[in-house]
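Asker: Structure in structure tokens, see below.
The values are calculated or read from the model by the stated rules, or taken from the named source; none is laboratory data. Keep in mind that what you see is a predicted model, and the values were worked out from it rather than measured. Reconstructed Cβ throughout: ideal geometry from the backbone, glycine too, with neighbour counts over all protein chains shown. Ligands, DNA and RNA are stripped out before the accessible areas are found, and what is left, the full protein with its side chains, is counted by its heavy atoms. Shrake-Rupley method; radii C 1.70, N 1.55, O 1.52, S 1.80 Å.
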Amino acid sequence: MIVDEASQCSLAAVLPLAYRAKRLAVVGDPYQLNPIVSLSDGLLQEIATQMGFDNDDLRDRGIHHKGGSAYSAFEFVARPQTPVLLNEHYRCHPHIARWFNKTFYKGELTVLTDVSDVSQRDRAIYWCDIDGAAVRPATGSWLNQAEAEETVKQLRGAIESGYKTVGVVTPFTAQARLIDQRAKTQFGQDFLDDIDFVSGTAHRLQGDERDAVILSSVLSPGMSKSGARWIEKERNLLNVAVSRARRALIVLGHPLMGDLGSPTLASLRVYLRDEVARNEGTGLPSAEFRTDSTSEKILLDAMQLQDLLPYSKLEVEGYELDFALLEQGIKLNIEVDGDQHLDARSQQRRQDITRDRVLVNLGWTILRIPAWRCHEEIDSVIEEIRKTQDRLLDEASRRTF
């Protein structure tokens with residue numbers, strides 16, 4: 001028996017099947033959505049007490065009907081066995097993935113999205129400050145009228161930019177309905193169907209994706225403290241919302257987000273605003289002057305002594321390059337590979353092969369240098385780099401004429 005999306009499956013739904021399985025594989029993401037349970041916390045507390053259980057203990061063991069899931073229950077039972085992390089990510093542009101990779105997955109995801117067909121014009125990643133106010137009608141959940149209006153404007157911009165599929169995500173059902181109504185009035189249902197438009201909470205897009213995603217956070221002055229706490233408590237919704245976007249992510253929120261009770265949303269605002277600042281302005285390559293190992297430092301020192309002028313830790317479409325030579329329009333990436341770049345068969349890791357294929361499609365030439373060579377035959381390494389550079393310069397000059 002294989003349980004997929006196990007974090008969204010209740011234990012009650014899985015148990016009857018698990019009892020009949022000789023082998024059981026549980027696949028899920030604890031940082032995505034939990035099962036939807038309509039029973040109140042008070043009722044579940046009462047049931048637990050009547051049956052002789054401690055409600056908090058059920059949560060700690062991952063088997064609480066509302067606060068647990070098939071994934072959390074199995075994770076508790078399997079301790080101390082470590083789950084196998086399926087760490088390769090292929091959906092989002094690396095600039096989008098960097099935030100949820102750091103915020104939820106401790107940087108353990110390897111982002112291998114093929115961005116070779118994505119130009120700067122084709123992607124938009126930014127935070128849009130909206131000085132609106134949250135209100136809650138007599139019935140239903142929270143609304144932010146100013147964000148709803150701006151969302152429809154951003155939707156038009158995404159359509160005009162040529163994104164084939166567009167979706168809107170928001171923490172609150174009432175906001176999703178309001179945006180959906182306004183979008184239908186502006187564009188008509190038939191047109192929205194053509195771009196596979198959806199406006200809903202993260203539950204509507206769980207397991208799905210869109211070229212462009214617009215996130216209306218709603219959180220703003222006027223929302224109760226309990227509403228703000230709910231957003232932060234259900235922070236996995238934000239992970240799901242952001243990770244649905246393939247190429248474009250546009251987030252709408254209040255400029256004082258850092259003071260409104262959701263550290264997760266505040267960190268997203270800081271990240272997206274920094275990301276815009278990094279990619280606007282001069283248009284020059286963005287690089288850091290650093291090395292991450294002794295072998296890299298040896299190679300950097302040797303290249304500088306030989307009048308080679310490498311960029312260190314250059315970022316290309318979200319991929320970090322150890323060293324890059326960009327003289328006269330050539331694009332040469334030099335990678336220093338330690339043992340961690342080899343698999344159990346001493347072959348190049350599949351992740352590196354996939355990464356190199358993306359960079360080659362972007363016009364780069366990849367030269368991989370085993371780390372030991374930087375220590376034992378650095379002169380030979382420099383000669384190899386020089387020959388590769390000369391060959392690329394010669395090819396570039398022949399293409400010019």
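Asker: Mind checking which residues of the stretch 65-77 are surrounded by fewer than 22 Cβ atoms within 10 Å (Cβ to Cβ) and outside any helix (DSSP H, G or I)?
Answerer: 65, 66, 67
Asker: Between a residue in the stretch 298-326 that is more than 21 Å from residue 114 (Cα to Cα) and β-branched (Val, Ile, Thr) and any residue that is part of a helix (DSSP H, G or I) and open to solvent by less than 10 Å² (accessible area, probe 1.4 Å), which pairs come within a Cβ distance under 9 Å, given they are 6 or more apart or on different chains?
Answerer: Qualifying pairs under 9 Å: 298/374.
Asker: Out of curiosity, is residue 204 closer than 20 Å to residue 36 by Cα, open to solvent by 40 Å² or more (accessible area, probe 1.4 Å), in contact with a Gly (Cβ under 9 Å, 6 or more places away or on another chain) and of a type outside the set (Asp, Glu)?
Answerer: Values: closer than 20 Å to residue 36 by Cα: yes; open to solvent by 40 Å² or more (accessible area, probe 1.4 Å): yes; in contact with a Gly (Cβ under 9 Å, 6 or more places away or on another chain): yes; of a type outside the set (Asp, Glu): yes.
Yes; evaluated as a whole, the condition is true for this residue.
Asker: Looking at residue 253, is it farther than 16 Å from residue 96 by Cα, touching a strand residue (DSSP E or B) at 6+ places or on another chain (Cβ under 9 Å), open to solvent by 50 Å² or more (accessible area, probe 1.4 Å) and small (Gly, Ala, Ser)?
Answerer: Values: farther than 16 Å from residue 96 by Cα: yes; touching a strand residue (DSSP E or B) at 6+ places or on another chain (Cβ under 9 Å): yes; open to solvent by 50 Å² or more (accessible area, probe 1.4 Å): no; small (Gly, Ala, Ser): yes.
Taking the combined requirement at face value, the residue does not satisfy it.
Asker: Shifting gears a bit: Could you list, ordered by first residue, the pairs with Cβ atoms under 6 Å in which the first is in the stretch 129-146 and in contact (Cβ under 8 Å) with a residue 24 or more places away in the chain and basic (Lys, Arg) and the second is open to solvent by less than 60 Å² (accessible area, probe 1.4 Å) and assigned to a loop (DSSP other than H, G, I, E, B), at least 6 apart or interchain?
Answerer: 136/142
Asker: Here's something else I'd like to know. What pairs can you find where one residue is in the stretch 177-201 and without any contact (Cβ under 8 Å) to a residue 24 or more places away in the chain, the other is aliphatic (A, V, I, L, M) and surrounded by 19 or more Cβ atoms within 10 Å (Cβ to Cβ), and their Cβ atoms are less than 8 Å apart, with a gap of 6+ or different chains?
Answerer: 180/168; 184/192; 192/183
Asker: Going by the structure shown, is residue 383 open to solvent by 40 Å² or more (accessible area, probe 1.4 Å), modelled with pLDDT of 90 or more, out of contact with any Gly (no Cβ under 7 Å at 6 or more places or on another chain) and charged (D, E, K, R)? Let's see the steps before the verdict.
Answerer: Working: open to solvent by 40 Å² or more (accessible area, probe 1.4 Å): yes; modelled with pLDDT of 90 or more: yes; out of contact with any Gly (no Cβ under 7 Å at 6 or more places or on another chain): yes; charged (D, E, K, R): yes.
Yes; evaluated as a whole, the condition is true for this residue.
Asker: Which fully enclosed helices (runs of 4 or more DSSP H) of the stretch 139-256 have 1 or more residues being of a type in the set (Val, Ile, Thr)?
Answerer: Numbers: elements: 145-160, 173-187, 189-194, 202-205, 225-233, 236-242.
It comes to 145-160, 173-187, 225-233, 236-242.
Asker: Could you list, in sequence order, the residues of the stretch 25-44 that are surrounded by 13 or more Cβ atoms within 10 Å (Cβ to Cβ) and either hydrophobic (A, V, I, L, M, F, W, C) or more than 34 Å from the chain's Cα centre (by Cα) (or both)? I'd like the intermediate steps shown before the answer.
Answerer: Within the stretch 25-44, the first condition is being surrounded by 13 or more Cβ atoms within 10 Å (Cβ to Cβ), and the residues that meet it are 26-35, 37, 44.
Passing the criteria: 26, 27, 33, 37, 44.
Asker: Restricting to the stretch 20-38, name every residue that is not small (Gly, Ala, Ser) and not in a loop (DSSP other than H, G, I, E, B). Even if it seems obvious, please write down each step before you answer.
Answerer: Of all residues in the stretch 20-38, those not small (Gly, Ala, Ser) come to 20, 22-24, 26-27, 29-37.
Correct list: 26 only.
Yes or no, residue by residue, for (1) modelled with pLDDT of 95 or more; (2) under 28 Å from residue 156 (Cβ atoms):
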residue: 217; (1), (2): yes, yes
residue: 234; (1), (2): no, no
residue: 247; (1), (2): no, yes
residue: 270; (1), (2): no, yes
residue: 285; (1), (2): no, no
residue: 295; (1), (2): no, no
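Asker: Please enumerate the residues belonging to the stretch 174-206 that are among the polar types (S, T, N, Q) and out of contact with any helix residue (DSSP H, G or I) (no Cβ under 7 Å at 6 or more places or on another chain).
Answerer: Step one: of the stretch 174-206, the residues among the polar types (S, T, N, Q) are 175, 181, 185-186, 189, 199, 201, 206.
181, 185, 189, listed by residue number.
Asker: Okay, next question. Kindly provide the set of residues from the stretch 129-151 that are of a type in the set (A, V, I, L, M, F, W, C) and either more than 26 Å from residue 247 (Cα to Cα) or surrounded by fewer than 19 Cβ atoms within 10 Å (Cβ to Cβ) (or both), ordered by number.
Answerer: Of the residues in the stretch 129-151, the ones of a type in the set (A, V, I, L, M, F, W, C) are 130, 133-135, 138, 142-143, 146, 148.
Answer for the stretch 129-151, where residues must be of a type in the set (A, V, I, L, M, F, W, C) and either more than 26 Å from residue 247 (Cα to Cα) or surrounded by fewer than 19 Cβ atoms within 10 Å (Cβ to Cβ) (or both): 133, 134, 135, 138, 142, 143, 146.
Asker: Kindly indicate which of 275, 234 is touching a strand residue (DSSP E or B) at 6+ places or on another chain (Cβ under 9 Å) and farther than 20 Å from residue 132 by Cβ. If you could, list the steps in order and put the result at the bottom.
Answerer: Values: 234 fails: touching a strand residue (DSSP E or B) at 6+ places or on another chain (Cβ under 9 Å).
Among 275, 234, only 275 is touching a strand residue (DSSP E or B) at 6+ places or on another chain (Cβ under 9 Å) and farther than 20 Å from residue 132 by Cβ.
Asker: I need every pair where a residue in the stretch 360-384 that is closer than 11 Å to residue 298 by Cβ has its Cβ under 9 Å from the Cβ of a residue that is open to solvent by 80 Å² or more (accessible area, probe 1.4 Å) and not in a loop (DSSP other than H, G, I, E, B), sequence separation at least 6 or different chains.
Answerer: Close Cβ pairs (under 9 Å, with a partner that is open to solvent by 80 Å² or more (accessible area, probe 1.4 Å) and not in a loop (DSSP other than H, G, I, E, B)) amount to 371/294; 371/339; 374/294; 374/297; 375/294; 382/305.
Asker: Still on this structure, I have one more. Can you name the number of the only condition in (1) open to solvent by 30 Å² or more (accessible area, probe 1.4 Å); (2) touching a residue at least 60 places away in the same chain (Cβ under 8 Å); (3) among the β-branched types (Val, Ile, Thr) that residue 96 fails?
Answerer: Here residue 96 clears every test but (1).
Asker: What do you reckon, is residue 209 open to solvent by 30 Å² or more (accessible area, probe 1.4 Å), under 18 Å from residue 244 (Cα atoms) and out of contact with any helix residue (DSSP H, G or I) (no Cβ under 7 Å at 6 or more places or on another chain)? If you could, list the steps in order and put the result at the bottom.
Answerer: Working: open to solvent by 30 Å² or more (accessible area, probe 1.4 Å): yes; under 18 Å from residue 244 (Cα atoms): yes; out of contact with any helix residue (DSSP H, G or I) (no Cβ under 7 Å at 6 or more places or on another chain): yes.
So residue 209 passes the test.
Asker: So is residue 362 touching a strand residue (DSSP E or B) at 6+ places or on another chain (Cβ under 8 Å) and at pLDDT 90 or above or not? It would help to see each step written out before you state the result.
Answerer: Details: touching a strand residue (DSSP E or B) at 6+ places or on another chain (Cβ under 8 Å): yes; at pLDDT 90 or above: no.
Criteria not met by residue 362.
Asker: Checking residue 303 against (1) part of a helix (DSSP H, G or I); (2) of a type outside the set (D, E, K, R); (3) surrounded by fewer than 20 Cβ atoms within 10 Å (Cβ to Cβ), which test does it fail?
Answerer: Residue 303 satisfies every listed condition except (3).
Asker: Output the residues belonging to the stretch 321-347 that are more than 19 Å from residue 385 (Cβ to Cβ) and either at pLDDT 90 or above or not in a helix (DSSP H, G or I) (or both). Spell out the reasoning first.
Answerer: Narrowing the stretch 321-347 to residues more than 19 Å from residue 385 (Cβ to Cβ): 339-340, 342-347.
Across the stretch 321-347, the qualifying residues are 342, 343, 344, 345, 346, 347.
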